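Read through the structure below, which is laid out as structure tokens, and then see the notes.
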Amino acid sequence: MQAKVISSFDKVIDVPVEGVTTFNEKPAVLEKYGKEIDRVLISKECIKRRLEAMAKEIGDDLKKFKEINCLVVLKGSIFFASDLIRLLDEGTPIRTKLDFIQCSSYGDKAFPNEEVKIEKYGDIEGEIILVIEDIVDKGGTLRKLQEFLTKRGKPFKTCVLLDKTQDKNPDLQLDYVGFKIPREFVGGYGLDYAGMYRGLSDIVVVKKELLKLQ
Ligand code: PRP
């Protein structure tokens with residue numbers, strides 16, 4: 001499958017099954033992980049360019065606040081959050097603070113459990129909270145977080161790198177979305193399968209045969 005070459009990153013990107021790339025990218029990941037990974041779905045340069053546009057949009061929207069508290073959903077969102085927060089602080093007028101929260105839904109399986117638990121959180125303060133989440137799959141985690149923050153009367157916005165819901169969850173508040181992706185099992189850029197692939201710079205599709213083996 002040949003990835004689609006894209007050059008505009010200003011709006012949410014609808015990723016086709018063959019994936020997206022920019023010119024001149026040669027993903028090295030397949031050499032090392034070719035037996036486990038089917039293809040690159042979103043290349044690292046596409047991620048970088050889309051994040052720059054998202055940071056600008058968020059900066060414009062939220063500049064009226066003195067500072068924003070970035071609430072990073074562990075563990076998968078760490079690379080996304082780390083890149084986005086630096087873009088926000090360096091390239092926009094807004095000032096950032098940082099908090100973490102951990103939820104659990106997948107375990108080591110490719111298919112999410114229905115029940116989502118909030119496991120760890122500290123004090124979540126701030127005039128406005130920006131929830132930073134790597135992926136919305138069935139939506140259980142984000143829904144749980146929305147309820148959690150709403151119950152505590154915390155004003156918030158949500159920022160999601162990958163939306164896999166295919167617009168089937170209208171109750172979810174998705175303020176900023178990077179990419180809409182097909183229903184494939186993805187890893188890389190913080191996302192894992194059975195604990196693997198978090199450290200890859202591209203977002204990749206894990207081979208179906210591998211998912212069946214677990
Ligand atoms: C993954 C992912 C999201 C959530 C999305 O987290 O990082 O938080 O699942 O799924 P949902 O929309 O169906 O709820 P996971 O529980 O695997 O934890 P991790 O981030 O530590 O990998």
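We did not get these values from a lab; they are worked out from the coordinates using the rules stated. What you see is a predicted model, and the numbers here were worked out from it, not measured in a lab. So basically every Cβ, Gly included, is an ideal-geometry build from the backbone, and we count neighbours across all protein chains shown.
Taking the 0 to 90 degree range and rounding to the nearest ten, how far is the long axis of helix 78-91 tilted relative to the main principal axis of the chain, both from C-alpha atoms?
60
Mind giving me the nanometre distance, one decimal, between the label points for SER104 and ASP167, set 7 Å out from Cα along Cα→Cβ?
Once both label points are built, they end up 3.6 nm from each other.
Tally the DSSP beta bridges in the chain and give the antiparallel ones as a percent, rounded to 5.
30
Please compute the modelled spin-label separation between GLU209 and LYS56, points set 7 Å along Cα→Cβ, answer in nm with one decimal.
Result: 4.3 nm between the two label points.
Order by neighbour count: MET196, MET54, fewest other Cβ atoms within 10 Å first, most last.
MET196, MET54
Among the listed pairs LYS120/LYS207; LYS75/LYS164; LYS4/LYS35; LYS4/LYS48; LYS11/LYS64; LYS32/LYS120, which have their C-alpha atoms separated by more than 27 angstrom in this model? Numbers along the way, then the final one.
Values: LYS120/LYS207 32 Å; LYS75/LYS164 18 Å; LYS4/LYS35 23 Å; LYS4/LYS48 16 Å; LYS11/LYS64 22 Å; LYS32/LYS120 34 Å.
Exceeds cut-off: LYS120/LYS207; LYS32/LYS120.
Which listed residue (GLY195, LEU161, PHE23) has the Cα farthest towards the positive end of the charge dipole for the chain, taking +1 on Lys and Arg C-beta and -1 on Asp and Glu C-beta about the Cα centre?
Of GLY195, LEU161, PHE23, it is GLY195.
Can you give the angle from 0 to 90° between the axis of helix 44-62 and the longest principal axis of the chain, with both taken from C-alpha atoms, to the nearest 10?
20
What is the angle, in °, between the Cα long axis of helix 140-151 and the longest principal axis of the Cα atoms in the chain? Nearest 10 is fine, range 0 to 90.
0
Calculate the dipole size of the chain relative to its Cα centre from +1 charges on Lys and Arg beta carbons and -1 charges on Asp and Glu beta carbons; express the result in debye to the nearest 20.
The dipole magnitude comes to about 160 debye.
Which order do peptides 3-11, 157-165 fall in by mean Cβ count within 10 Å, highest first?
Numbers: 3-11: 13.6, 157-165: 23.3.
Ranked from most to least packed, the peptides come out as 157-165, 3-11.
Can you find, among GLN173, VAL186, ILE101, the residue sitting farthest towards the positive end of the charge dipole of the stretch 46-213, where Lys and Arg contribute +1 and Asp and Glu -1 at Cβ?
VAL186
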